[in-house]
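Before any comments, here is the structure.
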Amino acid sequence: MLRVLLAKDLRRARRNPLPWLINLLIPLVITALIGLVFGGKSNSGALGRIRFALVDEDQTILSEFLRGSANQREGGKYLDPVIMEREAALREINDNKISAVLIIPTNFTRSYLTGKSGISLELIKNPAQSVHPAVMEELLGALVTGLNAIARNLQSEFPDWQEVIEGQRDYKEISRLIERAGDKLKQAEKFINPPLVIYEKDAPGARAGEGGATNSVAGVAKPAARKASPASEVFGYLLAGMAGMFLLFVANNAMTDLHRELRQRTLVRYHTLHERLSPFIASKVVFTVVVLLLSSAILIIGGGWLFGIEWRQPLAFAAVCFAYACFAAGLMAVLVALVPDERKAGALNTIVSMGLGMAGGCMFPPQSLPAFLRDHVTPLLPTHWFVDTARNLQYSGGDVAWPLALGKLLVASLLLLALAAWLFRRQFREGVRP
Amino acid sequence: MSLLRVQGLFKAFGPLRAVDSVSFEVRPGEIYGLLGPNGAGKTTSISMISGLLKPDAGEVFVAGHAFWSDPQRAKRIMGVVPQELAIYEELSGRENLEFWGRMAGLSSSDAKSRATELLEALTLTDRAKDAVKNYSGGMKRRINLGCALLHQPQLLLLDEPTVGIDPQARQNILEFITKLRASGTAILYTTHYLEEAEALCQRIGIIDHGRLLAEGTLKELQDRLGGDRLFVLEADLKDASPDSWDGFSKRFRILQKTERQLVVGAIGQRDPSECLKDLLGLPVRVENVTLKRPSLNDVFLQLTGRELRE
């Protein structure tokens, strides 16, 4: 009988697919929008290398050093500088081909080494982009801070360096200058490394269910507990949260079918044929779970393909998705049983879904939630169990406590199903009509 | 033996007595009409008989067995056609029939062959593959009826099956129900249409405010009014008091009195011409007297003091 009931529901859903498609498209579209705002797609799934123009109007050894360092080693992973003239660079920025133009002005080196005030590097940001130009500004800020620090500590050496740059010193004197600078830097090393204050995030496996960030003061830096993929994973992070929230909406939509069965009296007709309602209710729950699994597959696989996300532990992720689908179906069955009126239930279900989604950390990282909510409410919510586990599976090592989340979600769904069946039985006995 | 026997059925919703000590029975090959206005308690009665609602008191016996001793056994014997269209609009007529056939316990092949038979009998074969949402009101009603017949129930409960459809479609359904009766099915038919009850039902129960006021064949109900004719007297009756007329209440039963009209039936076997002469001799200025056959509306009028159509 369950098979016949399921076949009927799937056939009906196929004949009227619009509500399902809308619920599936919304999270993909929102993820795409947010992802694009944060910098767009790259093949590696990262934010991509920042392409910018470097205009060297100074043409000295120091400016050549700055030019060269921009795409060496680590810098090369994230920066893609192109050396060009000012006019060409401005054309490129107008055509939205680069994120920014960094100009080293004429006499920059001379002014720097002679300690003149008011010297500057010029940065022109591309107004059509948001994140990459901002990153460039931050990087330039770091560079300026470094140059200022050098100027303060090596001021006395600068006249000699200027003569070197102007070609007035021989190699022996240059080597002595380098040696002196090296000695000064070596003396400064004990103040620089190791740092007095470090910032690190707890390993999620160690503090399951919290995932918060903490400041710690330590003399020795701990080795990183995870191998975080570069900024990449903005899409994966967002999509997991979106899935957590929108699967509730899909579940609501699927379970609204039970409202329709009540309104259209088809459940009543079924009841004239069968005393026990549980097969009918069970078929709706199974139907909802099936729809949710299909939706999860579309969201996770489709979203992964669309945004270039590589899911790291797909089997564990699928198991958690299944448990979450069971929970969502059970929750919606309870809500239908509690509020048989379809219109009232529609409003209530939306509020409940959004509330659970937001408080569970689907829309915002849990760290940004109010302290009371984050510490006392969020850890108790099944939405958080799902989203947190999904994100940890993606971003941390293999020590994620996903079986615990799976178990909690399954137990919650069983309790909800039992509650829904009891509520339905009671409603029918009392002759409640939607 | 009756296929359905209802005994002292009672259901209250708070202070409202929706069904109050209703008793009747339906025999095989009989259409029993439960006639009453909206809100009389017809649907609540059917809901209790079909097991959707549990009665506060009273018993329902299906084929001699108390319903609540084995509800599933009773449900296998009966087919229920709810007043609302309890069908899936997205599915075709055939898919609806096959689905409800499977729900009634038929195998896939039996459900298919029964659906074909019913589509033929309900003259819906041409539209069998169309989605029900594209059907006319009458066609939807026929499918709604057919969905209760897949398992060939011995007892059929029809809750106002012709509400809101055109006369032609109604006639089709009534003919179909007549054929079902001929095949031996016991049918409980609720309606507020007098004509349907008169034309279709072998026995009729008149229900109002949850109480079964009278029951019997059409003839038996008409006889309650004084035979097979009524007299309609038109006169200025504003200040008239029939009870004060000499021996009038012993000779005539008053069904209705307005300022312009008096409807009466003769008590006992009296000659119509004698009754006519009697009425013309009343102490009012009579403008007209006509004779008519008593209808179920007149019976309802006599029982409740108001017309069924009000």
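The values are calculated or read from the model by the stated rules, or taken from the named source; none is laboratory data. Computed from a predicted structure; not experimentally measured. Please note: Cβ atoms are built from the backbone with ideal geometry, for glycine as well, and neighbour counts cover all protein chains shown.
If you go through region B:135-163 and keep only what is of a type in the set (A, V, I, L, M), surrounded by fewer than 21 Cβ atoms within 10 Å (Cβ to Cβ) and either within 19 Å of B:T116 (Cβ to Cβ) or touching a Lys or Arg at 6+ places or on another chain (Cβ under 6 Å) (or both), you end up with just B:M139. Residues considered: A:L10, A:L25, A:L6. Of these, the only one that is more than 14 Å from chain B (Cβ to nearest Cβ), in a helix (DSSP H, G or I) and either loosely packed, with under 12 Cβ neighbours inside 10 Å or at pLDDT 65 or above (or both) is A:L25. Restricting attention to region B:259-310, the residues that are among the acidic types (D, E), exposed (fewer than 12 other Cβ atoms within 10 Å of the Cβ) and part of a loop (DSSP other than H, G, I, E, B) add up to 3.
The set of residues in region A:137-191 that are of a type in the set (D, E, K, R), within 21 Å of A:G68 (Cα to Cα) and at pLDDT 80 or above comprises A:E137, A:E138. One residue alone among A:R263, A:R269 is within 14 Å of chain B (Cβ to nearest Cβ) and touching a residue at least 24 places away in the same chain (Cβ under 8 Å), and that residue is A:R263.
Any residue that is among the aromatic types (F, W, Y) and touching a Gly at 6+ places or on another chain (Cβ under 8 Å) - is there at least one of those in region B:31-38? Yes, that holds for at least one residue. Taken over region B:123-149, the criterion of being under 17 Å from B:A104 (Cβ atoms) and free of Cβ contacts under 8 Å to residues at least 60 places away in the same chain is satisfied by B:I143, B:G146. Just one of (1) assigned to a helix (DSSP H, G or I); (2) hydroxyl-bearing (S, T, Y); (3) within 10 Å of another protein chain (Cβ to nearest Cβ) fails for B:S45. It is (3). Reported count of residues in region A:278-300, each being at pLDDT 80 or above, more than 21 Å from B:E89 (Cα to Cα) and within 14 Å of another protein chain (Cβ to nearest Cβ), is 1. Here the helices (runs of 4 or more DSSP H) wholly within region A:327-434 that include at least 1 residues being closer than 30 Å to B:A12 by Cβ are A:342-359, A:402-429. Inspect all residues belonging to region B:203-221 and state whether any of them is over 22 Å from B:S21 (Cα atoms), out of contact with any Pro (no Cβ under 9 Å at 6 or more places or on another chain) and part of a loop (DSSP other than H, G, I, E, B). No, region B:203-221 contains no residue that is over 22 Å from B:S21 (Cα atoms), out of contact with any Pro (no Cβ under 9 Å at 6 or more places or on another chain) and part of a loop (DSSP other than H, G, I, E, B). Looking at region B:89-169, the helices (runs of 4 or more DSSP H) lying wholly inside it that each contain 3 or more residues that are closer than 25 Å to A:L10 by Cβ and away from chain A (no Cβ under 14 Å) sit at B:108-121. Screening the candidates B:S23, B:S109 for the property of being more than 29 Å from B:E196 (Cβ to Cβ) and surrounded by fewer than 16 Cβ atoms within 10 Å (Cβ to Cβ) yields one hit, B:S109. Close contacts from region A:404-430, counting a first residue that is within 14 Å of chain B (Cβ to nearest Cβ) and a second that is β-branched (V, I, T) and in a helix (DSSP H, G or I), with Cβ to Cβ under 7 Å and a gap of 6+ residues or different chains, come to A:F424/A:I281. Using the structure shown, decide if B:P28 is in a loop (DSSP other than H, G, I, E, B), more than 25 Å from A:R260 (Cβ to Cβ) and either away from chain A (no Cβ under 12 Å) or polar (S, T, N, Q) (or both). So B:P28 fits the description; yes.
The residues in region B:55-86 that are over 19 Å from B:G184 (Cβ atoms), facing another protein chain (nearest Cβ under 9 Å) and touching a residue at least 40 places away in the same chain (Cβ under 8 Å) can be counted, and the count is 4.
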